[in-house]
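S.K.: Have a look at this one.
Read-outs throughout are calculated quantities, based only on the coordinates presented, and are distinct from any laboratory measurement. All figures in this text were calculated on a predicted structure; none of them were measured in a lab. With ideal geometry, Cβ positions are generated from the backbone for all residues, glycine too; neighbour counts draw on all protein chains shown.
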Amino acid sequence: MFALFSCFFSRYLPLFAGLALALGMGFGILVASPSAQAASETEEILSHLAERVITGHIQPRYKDLQQKSSELALGMAQFCETGGSLHAPRQLFTKTVLAFAAIDHIQFGPASEEYRLERFAYWPDRKGRGLRAVRRVLKSGDKTVWKAAALSQKSVAVQGLTALEFLLYGKGSETLATVDGSEANAAANFRCRYGLGIAQNLQAIATELSDEWQAGAPIVTALLAPGAGNKLYRTRKEVILEFYKVVTAGLSRIHDLKMSPLIGRDAAHAKPRRAAFWRSGMALDVIRQNLTAIEDLITVGRFRELLPKKPIDLPAYVDKLFQYQYRAIDGFKGDKHRGDIALILQDENGRAAFQQLMNKINHTAVGFGRNLAVAADLPMGFNASDGD
Amino acid sequence: MLAVGLHLGLSSGLSMGGLSALMGEKNSQAAAATSTENLETEALFAAARRDADGDFSAALFTMKGDLRSIPLPGRGHDLAARPHSRDVVVFARRPGRFAIVFSPNLKIDPLLFHAQAGRHFYGHGVFSPDGRLLFTSENDYEDGVGKIGIRDASKGYQQIGEFSSYGVGPHDLALLMDGRTLVVANGGLETSPTSGRQILNLATMEPSLVYIDTQSGDLLEKHVLARSLHQLSIRHLTIASHNRVAFGCQYKGAAGDQPALVGFHDRGSEPQLFHAPDDVQPALKNYIGSVAVDPFGDVIAASAPRGNMITFWRAADGKYLGREILTDGCGVARGAERHGFLLTSGHGVKKLGQPDLEGPADEPENSAVKSPEIKSDTINASAFESQTTRFQWDNHAVRVR
């Protein structure tokens with residue numbers, strides 16, 4: 001089966017070589033006949049890939065998410081008790097968002113169970129369902145949302161980061177400045193305690209995620225020991241494919257969900273509020289963090305080393321693509337746009353740069369994906385990989 | 001066939017010849033094929049596909065080769081054959097907006113039409129028995145609600161109306177044998193052209209199987225699976241004997257859940273889902289890509305491209321009957337003989353014939369008739385004629401003649 005698969009891809013060579021030339025870049029399908037040494041290196045990389053990714057990438061990131069959400073919960077508890085500047089809880093919130101953006105590319109395993117991803121951050125929310133639900137909670141005065149256990153049983157839209165973002169940055173958040181824990185200040189205190197409930201819920205979810213990725217947990221065992229009796233992964237190739245999909249689907253998700261819906265056909269039709277975490281001004285930070293995280297997975301998994309270096313040094317090329325993306329995002333933080341997604345999308349130069357960034361991310365997903373599939377001999381079925 | 005773009009002003013008044021030229025139709029292969037007399041008498045199929053250059057096309061073909069192929073502006077999905085006509089319509093896969101009508105007659109140019117503004121196709125359609133009306137599953141992506149588009153094929157596929165699909169993400173659809181009742185698989189997944197193929201509502205999805213009166217657009221019956229299965233997207237369906245609806249699902253929840261993916265439904269009852277044997281169910285990878293019924297309406301083929309196999313099921317009682325291994329196999333269509341199917345794969349293979357079913361295909365289990373014990377690990381000694389082509393065959397195939 002793989003001989004036929006390779007046959008298809010070797011036929012793609014002219015197409016992608018042409019594309020690469022058109023882009024002035026080298027991202028054709030470069031299939032070199034592997035030497036015996038290269039084959040043994042590939043084997044060496046693939047044989048411990050899952051272990052490296054689990055211990056060197058996934059576990060520490062979930063641990064960090066647990067840590068940041070715990071600090072957020074502590075910070076919120078203190079804030080609701082004593083009041084003070086909103087700066088403190090907001091800072092803890094942004095740290096938690098970044099910790100989440102550093103691991104939300106892992107969408108399989110424990111994250112896909114119990115609606116944890118959706119509960120942690122209900123997004124995208126094109127129709128504003130989440131916002132309406134949060135407003136209903138605020139209006140209702142239902143104190144059960146103060147307790148994480150009860151909150152975790154409510155709508156996914158009212159118990160995660162996007163709900164907390166509205167409490168801390170949305171309309172009415174200014175009332176939090178008056179929080180003092182007193183009965184007299186009911187509305188502000190309710191809002192604060194609801195935020196605390198969310199923070200504690202996030203802490204609980206992050207703890208579950210971290211625990212369920214520890215050694216001996218079912219997903220870890222399944223990834224480390226593929227085989228006939230393993231219901232999730234029958235072969236090592238299926239395990240590699242799982243991580244491979246994290247990279248390609250993760251990049252595509254940034255392009256398709258976090259960027260493409262925003263740009264509109266012109267400045268008048270831009271939709272900056274479709275961005276993830278626009279309300280807290282973190283849209284670009286989240287995208288950058290996502291990219292950094294995916295690049296780290298590539299590094300820890302040693303995926304780059306599987307790519308050919310001749311005739312074009314593809315590992316170096318992948319580095320360049322990521323560096324370009326970071327520079328482009330950092331460029332938006334200058335005086336002109338100040339990192340504000342709305343300002344970027346209103347300005348023609350900003351729009352062009354944003355579009356170019358999208359193109360580069362897409363190019364990375366497609367080009368890297370296809371080359372890696374060939375290099376690692378992954379069965380990228382036409383129907384199986386992206387059916388309907 | 002009438003001029004292009006008669007309706008909605010969407011195809012900017014291209015002439016017929018203009019469209020053909022624009023689409024760069026490659027007729028040499030088709031012309032060569034049509035000179036082969038016996039192609040006219042063989043089972044004729046249609047499917048979308050991709051070639052080695054990455055170009056998308058749709059073709060009318062037999063096991064001997066193409067009768068006609070047309071290039072597509074993007075990836076196609078399913079097709080619908082128009083009764084009392086030689087027209088076949090190929091639909092863009094979600095969230096695409098094009099559809100193209102073509103026929104074996106090379107003198108008739110393909111006709112292109114589009115989903116109206118604010119709608120995208122989900123890749124499936126079905127004709128009324130008289131061949132006049134075409135029903136298509138569509139998405140109103142601003143409101144995120146499913147629609148069924150209605151077009152008049154006798155008037156250049158002009159859109160004449162639409163009605164609700166009574167759910168989100170309508171996908172496959174079929175008409176019951178009364179020719180009037182439409183059954184729709186509302187997959188429950190919300191997508192938008194601006195977000196590509198990303199799913200936007202995993203947490204809130206609610207797939208359903210609905211029956212709609214095509215004359216009034218009224219909802220006749222709606223079935224939602226148990227709450228615990230709300231991430232089991234009902235995607236593809238076909239009509240077996242006695243108007244029994246067979247459906248195939250894709251599970252969007254945790255990989256370890258592995259719910260049953262193949263179901264059957266008779267109007268007025270509850271849908272029933274059936275597991276494959278324990279050693280086969282996990283191998284399906286929570287994903288059925290396509291379903292089809294054999295010419296006698298007894299056997300259902302349900303493809304599992306992620307599991308590299310096509311499974312077969314008895315329509316009468318949902319019993320698993322065996323499987324055919326086919327790497328990246330997804331397209332299934334009614335075959336030429338009893339219990340026969342066409343199977344196609346993303347690795348270029350097309351197969352026509354009969355699977356070796358492990359049990360009687362047309363007799364439900366009861367005390368008088370006992371099925372033999374099914375040994376799912378036995379690979380069938382099936383009777384398929386197989387060919388490897390240069391095309392990656394797409395998700396679906398249909399029998400045209």
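S.K.: Let a ≥ b ≥ c be the square roots of the eigenvalues of the Cα gyration tensor of the range A:235-380; is it rounded (a/c under 1.5), or, if not, prolate (a/b larger than b/c) or oblate?
M.R.: It comes out prolate by the Cα gyration axes.
S.K.: Now for a different question. Let me spell out the model: positive unit charges on the Cβ of Lys and Arg, negative unit charges on the Cβ of Asp and Glu, origin at the Cα centre of chain B. What dipole size does that give, in debye rounded to 20?
M.R.: Value, rounded to 20: 780 debye.
S.K.: Moving on to the next point. Mind running the shape call on the range B:155-207? Use the C-alpha gyration tensor, a ≥ b ≥ c as the square roots of the eigenvalues: rounded below 1.5 for a/c, prolate if a/b tops b/c, oblate otherwise.
M.R.: In terms of gyration-tensor shape, oblate.
S.K.: Could you pull out every whole DSSP H run in chain A that spans at least 15 Å of Cα extent along its own axis and averages -1.0 or higher on the Kyte-Doolittle scale?
M.R.: A:2-23, A:36-47, A:59-82, A:87-101, A:129-140, A:186-211, A:236-253, A:283-300, A:314-331, A:348-375
S.K.: Using only the Cα atoms of the range B:138-267, construct the convex hull and provide its projected area averaged over every direction, in square nanometres to one decimal. Walk me through the numbers before you get to the answer.
M.R.: Details: hull surface 35.2 nm².
The orientation-averaged projected area of the Cα hull of the range B:138-267 comes to 8.8 nm².
S.K.: Just check chain B against the gyration tensor rule for me: Cα atoms, a ≥ b ≥ c as the square roots of the eigenvalues, rounded for a/c under 1.5, and otherwise prolate or oblate depending on whether a/b exceeds b/c.
M.R.: Oblate shape, in that a/c is at least 1.5 and b/c is the bigger or equal ratio.
S.K.: At q = 0.05, 0.07, 0.11 Å⁻¹, what base-10 log of I(q)/I(0) does the Debye formula yield for the protein assembly as shown when every alpha carbon is treated as an equal point scatterer in vacuo?
M.R.: Log10 of I(q)/I(0), two decimals: -0.27, -0.54, -1.34.
S.K.: Hey, another quick one. So which lysines can A:K310 reach, going by Cα to Cα under 28 Å and dropping same-chain residues fewer than 8 places off?
M.R.: The qualifying lysines are A:K237, A:K245, A:K320, A:K360.
S.K.: In what sequence do A:E118, A:E44 fall when counting other Cβ within 10 Å, fewest first?
M.R.: A:E44, A:E118
S.K.: Pop a pseudo-label 7 angstrom from the Cα along the beta-carbon direction at both A:K320 and B:S269 and give the gap in nm to one decimal.
M.R.: For the pair A:K320/B:S269, the computed spacing is 6.4 nm.
S.K.: Further, regarding this structure: Calculate the dipole size of chain A relative to its Cα centre from +1 charges on Lys and Arg beta carbons and -1 charges on Asp and Glu beta carbons; express the result in debye to the nearest 20.
M.R.: For this selection, approximately 1040 debye.
S.K.: Give the residue from A:I45, B:H236, B:L175 lying farthest towards the positive end of the charge dipole for the protein assembly as shown; charges sit on Cβ (+1 for Lys and Arg, -1 for Asp and Glu) and the dipole is referred to the Cα centre.
M.R.: Checking the options against the dipole of the protein assembly as shown, the answer is A:I45.
S.K.: Along the charge dipole of the range A:61-215, which of A:W213, A:P89, A:Y62 sits closest to the positive end, that is, farthest toward it, with unit charges on the beta carbon of Lys, Arg, Asp and Glu (+1, +1, -1, -1)?
M.R.: A:P89
S.K.: What is the dipole size for the protein assembly as shown, taken about its Cα centre, with +1 at each Lys and Arg Cβ and -1 at each Asp and Glu Cβ, in debye to the nearest 20?
M.R.: 1740
S.K.: Same structure again: Return P(r) of the range A:61-215 (all Cα-Cα pairs; 10 Å bins starting at 0; whole %; ordered from short to long distances).
M.R.: Spelled out bin by bin, the range A:61-215 gives 12, 44, 34, 9, 1 percent.
S.K.: Right, another one. In whole Å and largest first, what semi-axes does the C-alpha gyration tensor of chain A yield when each eigenvalue is scaled by 5 and square-rooted?
M.R.: 41, 26, 16
S.K.: Sorted from fewest to most neighbouring beta carbons within 10 Å, what does the list B:H347, A:H105, B:H236 look like?
M.R.: A:H105, B:H347, B:H236
S.K.: Right, here's the next one. How much length, in nm to one decimal, is gained on full extension between A:Q153 and A:T235, taken as 0.36 nm per residue of separation minus their Cα-Cα distance? The partial results should precede the final answer.
M.R.: Working: separation 82, 0.36 × 82 = 29.52 nm, distance 3.68 nm.
Using 0.36 nm per residue and subtracting the Cα-Cα distance, I get 25.8 nm.
S.K.: In the structure displayed, which of B:K64/B:K351; B:K285/B:K319; B:K252/B:K285; B:K107/B:K351; B:K64/B:K350 lie more than 22 Å apart, Cα to Cα?
M.R.: Over 22 Å apart, Cα to Cα: B:K107/B:K351.
S.K.: Report the percentage of all Cα-Cα pairs in the range B:198-273 whose separation exceeds 17 Å, rounded to a whole percent. Mind showing how you got there, number by number?
M.R.: On the way: 1356 of 2850 pairs.
Cα-Cα pairs in the range B:198-273 separated by more than 17 Å: 48 percent.
S.K.: Considering only Cα-Cα distances, which of the following residue pairs are longer than 28 Å: A:K231/A:K258; A:K63/A:K147; A:K63/A:K139? The partial results should precede the final answer.
M.R.: Working: A:K231/A:K258 33 Å; A:K63/A:K147 23 Å; A:K63/A:K139 35 Å.
With Cα atoms farther than 28 Å apart: A:K231/A:K258; A:K63/A:K139.
S.K.: Shifting gears a bit: Using a Förster distance of 35 angstrom, determine the FRET efficiency expected from the C-beta separation of A:A215 and B:S228, and round it to 0.05. All intermediate terms of the calculation are to be shown ahead of the outcome.
M.R.: Working: r = 30 Å, r/R0 = 0.86.
Taking R0 as 35 Å, the efficiency between A:A215 and B:S228 is 0.70.
S.K.: May I pose another question? With r as the distance between the Cβ atoms of B:H84 and B:T388 and R0 = 51 Å, compute the FRET efficiency 1/(1 + (r/R0)^6) and round to 0.05.
M.R.: According to the calculation, E is roughly 0.90.
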